[in-house]
């Protein structure tokens, strides 16, 4: 197929682009490089720098495209609390602009990368796709709003839509920004470098950490699977791990004494968020292969940043 990936130079997007190219597809990538790096992409992938809200550019890129993977988004929960307007503009406005451009270009399918953050605090766990969303941040609200636009516009204009709610993805080369870093690469860096690891809200909050290769398996399947249009599907590991348990696992794997720094004044977010992945198993043949410990080991052996710290 001819495929366009928005946000395709980011952590998940670039891994998806490279995988789809290896699977024999022709891949185009659009990314504004606010968080992406085109050096991650194979030389045979056609890369364009640009904003997902730029409809003339989208019209050019969407010619003869069979499927769009829409990953372009701002993705930091803490940052969204500070800048909700920007998150709405990019995550919601960019999605609407893309759907309009797809209609004009006659593209038949979109796979939208949403987030487990839309669930918020739920009375039961694991969370299934029919649970009522209760987002607790502007980021979660923006993703939920974009889901509604994708579903509604898809029905109105006859575009096949698949929405994947992706949980806490981790793996080699995951970005580690100085502000609001993802928990796993932050902990690995601090553990290997002898630094302190901040623990927010007591560290008892439970998350579903899913390895990048498993996420890419789910995304790749969603682009070609039959009978999945109009479905919302969780993509996670199906396993819950507390922040304290994550720290213990990293300490054991790195063989380093950890310096945990409790930060009781700041919330650690919702108490528990683990994916029910039975729908993904049924519709996509999805079966996570990499455990948390295996994924952490792969990060330490395949990511140059952590290899240097181990020396």
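Each reported figure results from applying straightforward, stated rules to the coordinates on display, with no laboratory input. Just so it is clear, the structure is predicted and the values come from calculations on it, not from any experiment. Don't worry about glycine lacking a Cβ; one is built from the backbone with ideal geometry, like all the others, and counts go over all protein chains shown.
Of the DSSP beta bridges with both residues in the chain, give the percent that are antiparallel, rounding to the nearest 5. Working shown, then result.
Values: 2 of 42 bridges.
Counting only bridges with both partners in the chain, antiparallel ones make up about 5 percent.
The angle between the Cα long axis of helix 138-157 and the longest principal axis of the Cα atoms of the chain comes to about 20 degrees, rounded to the nearest 10.
Among 193-202, 293-302, what's the highest-first ranking by average C-beta atoms within 10 angstrom per residue?
Details: 193-202: 15.2, 293-302: 16.9.
Peptide ranking by packing, descending: 293-302, 193-202.
Computed as a quarter of the hull surface, the mean projected area of the alpha carbon convex hull for the stretch 235-311 stands at 6.8 nm².
Across 99, 187, 245, mean-square fluctuation computed from a Gaussian network of the chain (C-alpha pairs under 10 Å connected) peaks at 245. Averaging the sequence gap over all C-alpha pairs within less than 8 Å and six or more residues apart, then dividing by the number of residues, gives the stretch 200-276 a relative contact order of 59 percent.
For the chain, the longest principal axis of the C-alpha atoms and the axis of helix 212-224 are separated by about 20°. So, in Å, what gap is there between the alpha-carbon centers of the stretch 238-311 and the stretch 12-62? That distance is 28 Å.
Determine, from the Cβ-Cβ distance of residue 124 and residue 281 and an R0 of 22 Å, the FRET efficiency 1/(1 + (r/R0)^6), rounded to the nearest 0.05. Could you put the intermediate results ahead of the total?
Details: r = 19 Å, r/R0 = 0.87.
Calculated transfer efficiency: 0.70.
Structural descriptor for the chain: relative contact order 17 percent, calculated from alpha carbon pairs under 8 angstrom and at least 6 residues apart. If one computes P(r) from the Cα atoms of the stretch 159-256, what percent of pairs lie at distances over 20 Å? When all Cα pairs of the stretch 159-256 are counted, 47 percent exceed 20 Å.
Comparing mean-square fluctuations of 39, 217, 173 from a GNM of the chain with C-alpha springs under 10 Å, the top value falls on 39. Residue exposure proxy: 228, 110, 206, ordered by other Cβ atoms within 10 angstrom of their Cβ from fewest to most, comes out as 206, 228, 110. As a rough guide to protection, the peptides 6-18, 26-38 ranked by mean Cβ packing within 10 Å, highest first, stand as 6-18, 26-38. Restricted to Cα atoms, the stretch 42-117 shows a radius of gyration and a Dmax of 13.5, 39 angstrom. The residues 281, 179, 266, when put in order of fewest to most other Cβ atoms within 10 Å, stand as 179, 266, 281.
Compared with the dominant principal axis of the Cα atoms in the chain, helix 11-22 is inclined by about 60°.
The order of 259, 70, going from fewest to most other C-beta atoms within 10 Å of their C-beta, is 259, 70.
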